[in-house]
1. Test Ala59 against the stated conditions and say whether it is at negative phi, part of a helix (DSSP H, G or I), outside the structural domain of Val12 (by TED's automatic domain parsing) and out of contact with any Ser or Thr (no Cβ under 9 Å at 6 or more places or on another chain).
2. Can you name every residue in segment 65-82 that is surrounded by fewer than 16 Cβ atoms within 10 Å (Cβ to Cβ), among the aliphatic types (A, V, I, L, M) and under 11 Å from the mean Cα position of the chain (by Cα)?
3. I need the full set of residues from segment 83-102 which are part of a helix (DSSP H, G or I) and under 17 Å from the mean Cα position of the chain (by Cα), in order please.
4. Which one is surrounded by the most Cβ atoms within 10 Å (Cβ to Cβ) among residues in segment 4-42 that are among the hydrophobic types (A, V, I, L, M, F, W, C) and farther than 13 Å from Ala66 by Cβ?
5. Among the residues of segment 62-82, what is the count of those that are free of Cβ contacts under 8 Å to residues at least 60 places away in the same chain and either among the aromatic types (Phe, Trp, Tyr) or part of a helix (DSSP H, G or I) (or both)?
6. Could you tell me whether segment 30-40 includes any residue that is hydrophobic (A, V, I, L, M, F, W, C) and within 14 Å of Val76 (Cβ to Cβ)?
7. Given the options Lys91, Lys48, name the one that is in contact (Cβ under 8 Å) with a residue 24 or more places away in the chain and exposed (fewer than 14 other Cβ atoms within 10 Å of the Cβ).
Amino acid sequence: MNPVTPDGRYFVVKGRLWRCSNPGLDEQTRQRLVNELMDARRAVKAAKASGDPDEMKTARASVQTAKVALGERGPVWWDDAAPDLNRHMVKNTPYAQWYQGL
């Protein structure tokens, strides 16, 4: 399992922070959005196989829409004015000491 920052905002993969889904989503909404994301990812795979650039553009837009709705991209879901460190290397963030201590 990938470590999650103490504040629950990010998980770490290969030393990089990735924003977690909004914990304020109710379970039914979260599951619906996860299902949409998985469908969109399958559409990206199909578009790659077909080589159709329009199909790829549509599929990638669907992934983006689902990720924004989940809170993984777009506006942050927390309200304390902390910066968005999504995709930053953890060693270059305020989480560096926490991560080193794992």
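1. Working: at negative phi: yes; part of a helix (DSSP H, G or I): yes; outside the structural domain of Val12 (by TED's automatic domain parsing): yes; out of contact with any Ser or Thr (no Cβ under 9 Å at 6 or more places or on another chain): yes.
For Ala59, the condition - at negative phi, part of a helix (DSSP H, G or I), outside the structural domain of Val12 (by TED's automatic domain parsing) and out of contact with any Ser or Thr (no Cβ under 9 Å at 6 or more places or on another chain) - is met.
2. Matches in segment 65-82: Val68 only.
3. Keep residues of segment 83-102 that are part of a helix (DSSP H, G or I), which gives 90-92, 96-100.
Passing the criteria: only Val90.
4. Residues of segment 4-42 among the hydrophobic types (A, V, I, L, M, F, W, C): 4, 11-13, 17-18, 20, 25, 33-34, 37-38, 40.
Filter once more, keeping what is farther than 13 Å from Ala66 by Cβ: 4, 11-13, 17-18, 20.
Values: Val4: 12, Phe11: 15, Val12: 18, Val13: 11, Leu17: 22, Trp18: 16, Cys20: 18.
Taking the candidates together, the pick is Leu17.
5. Here the count works out to 10.
6. From segment 30-40, those hydrophobic (A, V, I, L, M, F, W, C) are 33-34, 37-38, 40; that's our starting set.
The next check asks that each one be within 14 Å of Val76 (Cβ to Cβ); those that pass are none.
No, every residue in segment 30-40 fails to be hydrophobic (A, V, I, L, M, F, W, C) and within 14 Å of Val76 (Cβ to Cβ).
7. Values: Lys48 fails: in contact (Cβ under 8 Å) with a residue 24 or more places away in the chain.
Exactly one residue qualifies, and that residue is Lys91.
Yes or no, residue by residue, for (1) out of contact with any helix residue (DSSP H, G or I) (no Cβ under 6 Å at 6 or more places or on another chain); (2) assigned to a loop (DSSP other than H, G, I, E, B); (3) modelled with pLDDT of 95 or more:
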site: Asn22; (1), (2), (3): yes, yes, yes
site: Leu25; (1), (2), (3): yes, yes, yes
site: Arg32; (1), (2), (3): yes, no, yes
site: Val44; (1), (2), (3): no, no, yes
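The values are calculated or read from the model by the stated rules, or taken from the named source; none is laboratory data. From a predicted model like this one, the values you see are computed outputs, not experimental measurements. No Cβ is skipped: glycine too gets one built from the backbone with ideal geometry, and neighbour counts run over all protein chains shown.
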